[in-house]
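Enquirer: The structure under discussion is supplied below as structure tokens; questions concerning it will follow.
The values are calculated or read from the model by the stated rules, or taken from the named source; none is laboratory data. As the structure is a computational prediction, the values presented were derived from the model and not from experiment. Neighbour counts run over all protein chains shown; Cβ positions are idealised from the backbone, glycine included.
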């Protein structure tokens with residue numbers, strides 16, 4: 001934990017030194033604040049001597065009978081101490097907040113950048129809500145600890161040492177009483193640290209569940225309403241919310257014991273000092289002002305002790321936050337990039353799978369031994385039974401995953417020889433349901449190539465049969481689309497997705513049945529756009545409807561983790577194998593419905 005905190009704070013050492021200096025001034029002013037009162041009580045109202053240094057300054061005034069003037073100086077001193085303390089507090093709070101915000105920003109970006117680099121396999125096993133909770137709540141907790149708690153601990157320890165020195169100087173036997181109790185308090189705090197951390201971990205886990213449930217519910221609102229399952233969703237949220245309340249109350253039960261115990265110990269010691277101090281004053285061994293200063297220091301001595309006790313809670317929360325963030329940062333599912341990997345300038349589109357084996361878990365291979373070749377400019381369909389690994393085959397080409405066996409080659413080179421992002425820039429992807437982002441239509445099309453001009457974007461939209469409906473919108477290309485494109489129809493989203501790929505102008509095109517969920521009118525417009533898009537490119541399409549690949553140059557049938565059949569439509573029908581059976585099943589079903 002401390003290593004990560006040090007890394008985060010290193011760029012802000014200058015600001016932290018300013019914060020430390022301000023805290024030292026605050027501590028000094030806190031130590032000085034009781035002394036004006038002591039001067040009033042002992043030297044203006046009473047006739048006791050001041051400490052040597054102060055006595056040399058004030059004694060000439062007292063000898064002249066100017067006690068009121070000394071009282072005035074003490075009052076001015078009190079105000080100056082307060083002013084310096086307030087200024088130091090302002091500087092401390094300002095720079096502490098500044099460091100905290102930037103630390104949170106740096107850690108948030110570092111975590112998100114790492115998440116962006118992880119393979120898609122990581123997201124198959126981790127809830128988005130939990131990741132969101134880590135990036136928000138846990139990082140905010142670390143922010144508070146890194147910016148203020150670390151320095152607070154240092155200042156509290158410095159204050160304790162300074163107070164002890166002054167208290168020994170004022171009255172050593174009183175100070176021994178305070179010291180006798182302190183080890184027991186620290187031992188108690190240490191014993192509670194593990195319990196607090198465990199309770200905090202439970203709270204964080206349940207809070208993550210709340211985020212996950214709410215996020216899932218909001219993203220699936222249309223389905224929830226369609227099936228009338230609002231009550232079920234509310235019950236699920238109530239269940240995890242109640243679990244969070246229970247965990248928080250268990251944690252609070254542990255945390256709440258710390259402060260009262262320190263308060264009781266402080267009251268006990270203060271009572272002894274009052275009783276002992278009164279006896280010393282009556283014997284004229286101690287002045288009232290000295291007792292007042294000592295009592296002030298005693299309360300201030302136990303404040304940092306109490307702060308250290310409550311800091312145990314902050315440390316526990318930060319430790320849990322760091323564990324959850326490090327669980328992301330230390331995840332090693334990043335696809336490695338070879339040191340000598342290079343950027344492909346323009347790929348021709350020749351693709352080869354050589355004895356490829358792949359599974360989302362090492363002991364359960366989806367693809368066992370897949371081999372095939374695709375020539376540049378060919379249209380190739382991939383078919384097979386449900387769960388046979390069609391989408392997995394396509395996912396290996398842009399290197400979303402790496403195979404456990406064999407290799408995938410593009411233009412004769414293993415895809416692992418290419419830099420990942422430049423490789424993916426050469427590949428266009430059109431999915432069954434195009435994902436649109438919050439922003440304008442123009443920005444969503446430009447997502448394929450951010451440096452594209454407006455004219456290039458409009459030309460791509462025309463080719464994708466999207467320009468007509470875009471122009472009818474209130475602000476045309478500058479119209480904002482709803483989250484995930486919910487304000488557009490399925491056909492409109494698909495045509496924007498095709499425009500996004502067109503503006504990219506990639507030599508390789510991957511299609512995952514982009515017309516599967518469309519009505520006949522939208523399908524016609526999308527197919528026209530796709531025909532324009534596919535010209536001159538290597539196209540691989542996952543086909544659920546076999547009619548869409550009837551004219552493909554090659555059809556590859558995946559079954560049982562291997563290439564079961566390969567050839568064009570006529571050749572595969574002549575084989576009377578898996579493809580022919582799929583074809584008969586699909587078209588007999590369509591005929592029966594007709």
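Results for (1) closer than 20 Å to residue 272 by Cβ; (2) modelled with pLDDT under 75; (3) surrounded by 14 or more Cβ atoms within 10 Å (Cβ to Cβ), shown as yes or no for each residue.
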| residue | (1), (2), (3) |
| --- | --- |
| 285 | yes, yes, no |
| 288 | yes, no, yes |
| 315 | no, yes, yes |
| 331 | no, no, yes |
| 344 | no, no, yes |
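Enquirer: Just give me the residues in the range 254-275 being surrounded by fewer than 16 Cβ atoms within 10 Å (Cβ to Cβ) and in contact (Cβ under 8 Å) with a residue 40 or more places away in the chain, in sequence order.
Expert: 257, 259, 263, 268, 272
Enquirer: Can you pull out every residue in the range 531-544 that is modelled with pLDDT under 85 and over 11 Å from residue 513 (Cα atoms)?
Expert: Scanning the range 531-544 gives 531, 532, 533, 534, 535, 536.
Enquirer: Hey, any hits in the range 262-280 for a residue that's closer than 22 Å to residue 145 by Cβ, in a helix (DSSP H, G or I) and modelled with pLDDT under 75?
Expert: Yes, some residue in the range 262-280 is closer than 22 Å to residue 145 by Cβ, in a helix (DSSP H, G or I) and modelled with pLDDT under 75.
Enquirer: Sticking with this structure for a sec: Condition (residue is modelled with pLDDT under 75, assigned by TED's automatic domain parsing to the domain that holds residue 129 and under 19 Å from residue 207 (Cα atoms)) applied to the range 222-236: is it met by at least one residue?
Expert: No, the range 222-236 has no match at all.
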